[in-house]
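Visitor: Input: one structure, supplied below.
The values are calculated or read from the model by the stated rules, or taken from the named source; none is laboratory data. Predicted model only: the values in this text are computed from it and were never measured. Neighbour counts run over all protein chains shown; Cβ positions are idealised from the backbone, glycine included.
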Amino acid sequence: MATMTRSSDKPLVGLLHTCLVDFYRPSIGFASVQLLEQAGCEVRVPDLQTCCGQPAFNSGNFDQARAMARQVIKAFAGFDYVVGPSGSCMSQVKVHYPQLFADEPDWLAQAQELAGRSFELVSFLSDVLNKTDLQSSYQGTVTYHDSCSGLRELGIKQQPRKQLEQVQGLSLVEMAEAETCCGFGGTFCVKYPEISVRMASQKVSNIQASGADTLVGGDLGCLLNISGRLTREGSPVRVFHVAEVLAGMTQIPAIGEGEMR
Amino acid sequence: MQLSSANFKSAARAALHEPNLQAAMAENRNFAAHVRVQVDGTANFQGLRAQAKAIKDHTLAHLDHYLERYEAAAIKQGTQVHWAQTPEQAQQIVVDICRQASARSVIKGKTMIGEEMGINDALARAGIERYETDLGEYILQLADEPPSHINGPAIHKTLEQVQDLFHEHHKDLGRESFLHEPAELLAEARRLLRKRFFEAEVGITGANFLIAEDGSHVLVTNEGNGDLTSLLPKVRIVLASIEKVLPSRADAGVHLQLLALSATGQPLTSYTSLYGGTKNAGELDGAEQCHVVLLDNGRSEMLAGEFRPMLRCIRCAACMDNCPVYNWVGGHAYGWIYPGPMGSIWTPQLTNLEQTVDLPNACTLNGRCAEVCPMQIPLPDMMRVLRSQHWQQQLTATTTRWGIGLWAALASRPRLYRLLTAMAARTMAWAGSKRGRLSRLPLARGWTEQRDMPAPQGATFQQLWQQRQADKNGSEQ
Ligand code: SF4
């Protein structure tokens, strides 16, 4: 296995920034870096990373999914941990890479090794580093949307809520059907737009009924979808990624907001 | 039933705009939530689940053995066992039995295997009257529609629609008043059906489980119609498929609890009956002939391949009741007998891959179905396997093929990828900078027709990160 030059004895974390964060919302990447550094990690960002390959995998193109998985395995060799601000991408690495290499023992071993040290950001902070006092503030009433892969494949449910409850000025309310899919589903949202929008609208009604002024979640894909429907309905509810709220990086326009609100 | 899954998209779109259906599906969502409360409150649910899966995996690994044992034991009880490779063979067997019994009419309990066999049409072609005795099926017979759910066949109908159907079809009874109350409607259906129960020469039901150790079968209902159908006519026909066999009564006990709990939240269904063969000498009740028709229809092939876990399915419908897609589009959109997540796996196996491409694709892979499935069937994994078969056989939609192909090609060239994504992010950010979102995107109309696309912040994370690293190194020197 590759070894890395270290500048300290801190845990060395490779940030898997995800293709969506890279493209749409770098602030989530910087919030993640800040949270990890505050928690005592040394963070690096491999520049060979692009996408985890989930779109190919979920479209049934397993060969290309494997090619992309190999790229990620190589890019993140040697880190103590691989952490990303997305339950869905991290579940691709943790749960699905080993599935993809079921018939290739060499790669399977590497995929399993990577899976063992890969974590979604908030569960990493909570479950691995036991960080509970992130010291940030946010004025608002927040409701949390559980993204499907994080919830069902990685067991992320209480961790983000516990962390959010620690944020000064923030009050957390539960919406109905918080665990119900928002209709994003990767390519589903463009292949079956009418059904997808219906699911997003239902999510929007639940958010509005909760009385929250802010929606927070752990997966940018879902947040883009829900935000897109919220703004189309003219709703003033703001949308942030959980990393941005926990890092106190909410002075910037929320998802879907322009320069002038 | 005609396979019309190829029309999924248009059927789903129509369903979204059908107010009656939407009202009915909203009720199904509530019902499903109520059932989940009961399941979550059952202390040994996870234990039962593990037990049931182990039993079924063992049975499937020795399916030939248990089927032979079942057959031998059933014959001992006076049951005649018929094997049908295809639905057509099953139809022929059933029609022949009815003809031999000189049947003018048959009464029927709910059977999804019967739907799969196409029994209703076969009986009609043979000129044999058929009376459905399950209330839901009775309603559908009036409406001339197929079931939209595997154990609540008429859940897509609202009470108002049922009132209207009864009013229209029961006109000749001379009833003047319009019936409103569910209890009144039920009483009327009951009264009409009573007569049919006594007239019919043949009773047809399904079977939930076949017991190998004693050749009996288990039938569960909440209306008791299954028992009248099984017991009153001289000839009983039981329609089942080969994966319904279980080694023992005790094994069935485990599955029965899971089935009732996952289907309706009950600890046990109102009627759970065990039937063994024909009426014995000196007994007052029971059929004089008992026939069991066992359908294969592709299941032997499933047994040998990667879809074997699907054969664990006990038809509880939890996967569809909890599926956010099913609960918006309803069962008919799926275009065949088995809808929702389980149907998206069953249908391609039992029909063909080409005309069912939409089924495993119209799924967000949210995983809820696998979470609630009492038999721990990895439904989302199997949806992906089907998608990979589509990919290999060039059945994937061309836009998806191209899109994914391009994306993957780009993503495996990090330098080019960074260049192009940086350009695209900048362009989109510029276009949406004022409002922070775009309400039209040329290549993603599906997205923007009814929702906005939030605009990117401008530079990519990789760009900004490299800058930050450069600044840091600069200030350190
Ligand atoms: S797949 Fe599972 S949840 Fe769905 S009907 Fe079959 S047993 Fe029930």
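Visitor: Against the conditions (1) over 30 Å from B:Ala26 (Cβ atoms); (2) crowded, with 19+ Cβ neighbours inside 10 Å, where does B:Trp83 fall short? Just the number, please.
Guide: (2) is the only condition that B:Trp83 fails.
Visitor: Right, something else. Just to be sure, is B:Arg401 within 20 Å of A:Ser59 (Cα to Cα) and surrounded by fewer than 21 Cβ atoms within 10 Å (Cβ to Cβ)?
Guide: The answer is yes for B:Arg401.
Visitor: Across region A:118-160, what is the total count of residues that are of a type outside the set (A, V, I, L, M) and closer than 25 Å to A:Gly186 by Cβ?
Guide: Of the residues in region A:118-160, 19 are of a type outside the set (A, V, I, L, M) and closer than 25 Å to A:Gly186 by Cβ.
Visitor: Have a look at B:Val245, B:Val202 and point out the one that is assigned by TED's automatic domain parsing to the domain that holds B:Gly109, of a type outside the set (Gly, Ala, Ser), touching a residue at least 40 places away in the same chain (Cβ under 8 Å) and over 30 Å from B:Lys56 (Cβ atoms).
Guide: Selected residue: B:Val202, the only one of B:Val245, B:Val202 that is assigned by TED's automatic domain parsing to the domain that holds B:Gly109, of a type outside the set (Gly, Ala, Ser), touching a residue at least 40 places away in the same chain (Cβ under 8 Å) and over 30 Å from B:Lys56 (Cβ atoms).
Visitor: For B:Pro360, indicate whether it is out of contact with any strand residue (DSSP E or B) (no Cβ under 8 Å at 6 or more places or on another chain) and in contact (Cβ under 8 Å) with a residue 40 or more places away in the chain.
Guide: no
Visitor: Follow-up. So, in region B:421-444, exactly how many residues are facing chain A (nearest Cβ under 7 Å), over 33 Å from the mean Cα position of the chain (by Cα) and small (Gly, Ala, Ser)?
Guide: Summing the residues that are facing chain A (nearest Cβ under 7 Å), over 33 Å from the mean Cα position of the chain (by Cα) and small (Gly, Ala, Ser) in region B:421-444 gives 3.
Visitor: Here's a follow-up. Using the structure shown, decide if B:Ser439 is surrounded by 13 or more Cβ atoms within 10 Å (Cβ to Cβ), of a type in the set (S, T, N, Q) and farther than 25 Å from A:Pro193 by Cα.
Guide: Here the answer is no, as B:Ser439 does not meet what is asked.
Visitor: Related question: What number of residues in region A:154-199 are part of a helix (DSSP H, G or I) and not small (Gly, Ala, Ser)?
Guide: 19
Visitor: Any residue at all in region B:296-303 that's in contact (Cβ under 8 Å) with a residue 12 or more places away in the chain, away from the ligand (no atom under 16 Å from the Cβ) and touching a Phe, Trp or Tyr at 6+ places or on another chain (Cβ under 8 Å)?
Guide: Yes, there is a match, as at least one residue in region B:296-303 is in contact (Cβ under 8 Å) with a residue 12 or more places away in the chain, away from the ligand (no atom under 16 Å from the Cβ) and touching a Phe, Trp or Tyr at 6+ places or on another chain (Cβ under 8 Å).
Visitor: Testing B:Asp471 on (1) more than 30 Å from B:Met320 (Cβ to Cβ); (2) within 7 Å of chain A (Cβ to nearest Cβ); (3) of a type in the set (Asp, Glu), one condition comes back false. Which one is that?
Guide: Condition not satisfied by B:Asp471: (2).
Visitor: Restricting to region B:442-456, what's the tally of residues that are surrounded by fewer than 22 Cβ atoms within 10 Å (Cβ to Cβ) and in a loop (DSSP other than H, G, I, E, B)?
Guide: Final tally of qualifying residues: 5.
Visitor: Which strands (runs of 3 or more DSSP E) does region B:188-278 wholly contain that include 2 or more residues that are surrounded by fewer than 20 Cβ atoms within 10 Å (Cβ to Cβ)?
Guide: B:271-275
Visitor: Filter region B:396-415 down to residues that are at the interface with chain A (Cβ under 8 Å from one of its Cβ atoms) and among the hydrophobic types (A, V, I, L, M, F, W, C), then give me how many there are.
Guide: Final tally of qualifying residues: 6.
Visitor: A further question follows. With A:Ala67, A:Ala109 as the choices, which residue is closer than 22 Å to A:Val21 by Cα, of a type outside the set (Ser, Thr, Tyr) and more than 20 Å from the chain's Cα centre (by Cα)?
Guide: A:Ala67
Visitor: Is it true that some residue in region B:196-211 is away from chain A (no Cβ under 14 Å), of a type in the set (D, E, K, R) and within 16 Å of the ligand (Cβ to nearest atom)?
Guide: Checking region B:196-211: not a single residue is away from chain A (no Cβ under 14 Å), of a type in the set (D, E, K, R) and within 16 Å of the ligand (Cβ to nearest atom).
Visitor: With (1) modelled with pLDDT of 95 or more; (2) at the interface with another protein chain (Cβ under 7 Å from one of its Cβ atoms) as the list, and B:Gln393 as the residue in question, which single condition is left unmet?
Guide: (2)
Visitor: What do you reckon, is B:Thr400 closer than 13 Å to B:Asn361 by Cβ and either without any contact (Cβ under 8 Å) to a residue 60 or more places away in the chain or assigned to a loop (DSSP other than H, G, I, E, B) (or both)?
Guide: Yes.
Visitor: Please find, within region A:158-196, the residue that is surrounded by the fewest Cβ atoms within 10 Å (Cβ to Cβ) out of those that are touching an Asp or Glu at 6+ places or on another chain (Cβ under 7 Å) and closer than 17 Å to A:Ser210 by Cβ.
Guide: Per the criteria, the residue is A:Glu179.
Visitor: Pairs only if they're at least six apart or on different chains, beta carbon under 6 angstrom, first in region B:363-374 and facing chain A (nearest Cβ under 8 Å), second assigned to a loop (DSSP other than H, G, I, E, B) and within 13 Å of the ligand (Cβ to nearest atom); list them, first residue then second.
Guide: Note: pairs meeting the criteria are B:Arg368/B:Asn322; B:Ala370/B:Pro378.
Visitor: Does B:Ala370 satisfy being within 16 Å of the ligand (Cβ to nearest atom), aliphatic (A, V, I, L, M) and in contact with a helix residue (DSSP H, G or I) (Cβ under 9 Å, 6 or more places away or on another chain)?
Guide: yes
Visitor: Also, quick follow-up: Do we find a residue being more than 27 Å from B:Lys76 (Cβ to Cβ) and not charged (D, E, K, R) anywhere in region B:272-290?
Guide: no
Visitor: Which one of these does A:Ile207 not meet: (1) at the interface with chain B (Cβ under 8 Å from one of its Cβ atoms); (2) buried (at least 24 other Cβ atoms within 10 Å of the Cβ)?
Guide: Result: A:Ile207 passes all but (1).
Visitor: Taking B:Arg418 as the residue in question, decide whether it is at the interface with chain A (Cβ under 8 Å from one of its Cβ atoms), surrounded by 13 or more Cβ atoms within 10 Å (Cβ to Cβ) and more than 22 Å from A:Arg70 (Cα to Cα).
Guide: no
Visitor: Which of the residues that make up region B:15-25 are surrounded by 14 or more Cβ atoms within 10 Å (Cβ to Cβ), more than 18 Å from the chain's Cα centre (by Cα) and within 10 Å of chain A (Cβ to nearest Cβ)?
Guide: The answer is B:Leu16, B:Gln22.
Visitor: Of these, A:Leu121, A:Leu129, which one is touching a residue at least 60 places away in the same chain (Cβ under 8 Å) and touching a helix residue (DSSP H, G or I) at 6+ places or on another chain (Cβ under 6 Å)?
Guide: Among A:Leu121, A:Leu129, only A:Leu121 is touching a residue at least 60 places away in the same chain (Cβ under 8 Å) and touching a helix residue (DSSP H, G or I) at 6+ places or on another chain (Cβ under 6 Å).
Visitor: Also, I was wondering about something else. Against the definition (closer than 27 Å to B:Ile93 by Cα, modelled with pLDDT of 95 or more and away from the ligand (no atom under 15 Å from the Cβ)), how does B:Arg236 come out, yes or no?
Guide: Considered against the rule, which asks whether it is closer than 27 Å to B:Ile93 by Cα, modelled with pLDDT of 95 or more and away from the ligand (no atom under 15 Å from the Cβ), B:Arg236 comes out as yes.
Visitor: May I ask you to say which residue of B:Pro309, B:Pro360, B:Pro348 is within 15 Å of the ligand (Cβ to nearest atom), in a helix (DSSP H, G or I), under 30 Å from B:Leu258 (Cβ atoms) and facing chain A (nearest Cβ under 10 Å)?
Guide: Matching residue, one of B:Pro309, B:Pro360, B:Pro348: B:Pro360.
Visitor: For region B:101-164, list the helices (runs of 4 or more DSSP H) that sit wholly inside it and hold at least 1 residues that are at pLDDT below 95 and farther than 24 Å from B:Thr351 by Cα; which are they?
Guide: B:135-143
Visitor: For the list (1) surrounded by fewer than 21 Cβ atoms within 10 Å (Cβ to Cβ); (2) assigned to a helix (DSSP H, G or I), I need the number of the one condition that B:Tyr70 fails.
Guide: (1)
Visitor: Select from region B:312-328 the residues that are hydrophobic (A, V, I, L, M, F, W, C), within 14 Å of chain A (Cβ to nearest Cβ) and either more than 8 Å from the ligand (Cβ to nearest atom) or in a loop (DSSP other than H, G, I, E, B) (or both) and list them in ascending order.
Guide: Across region B:312-328, the qualifying residues are B:Cys323, B:Val325, B:Trp328.
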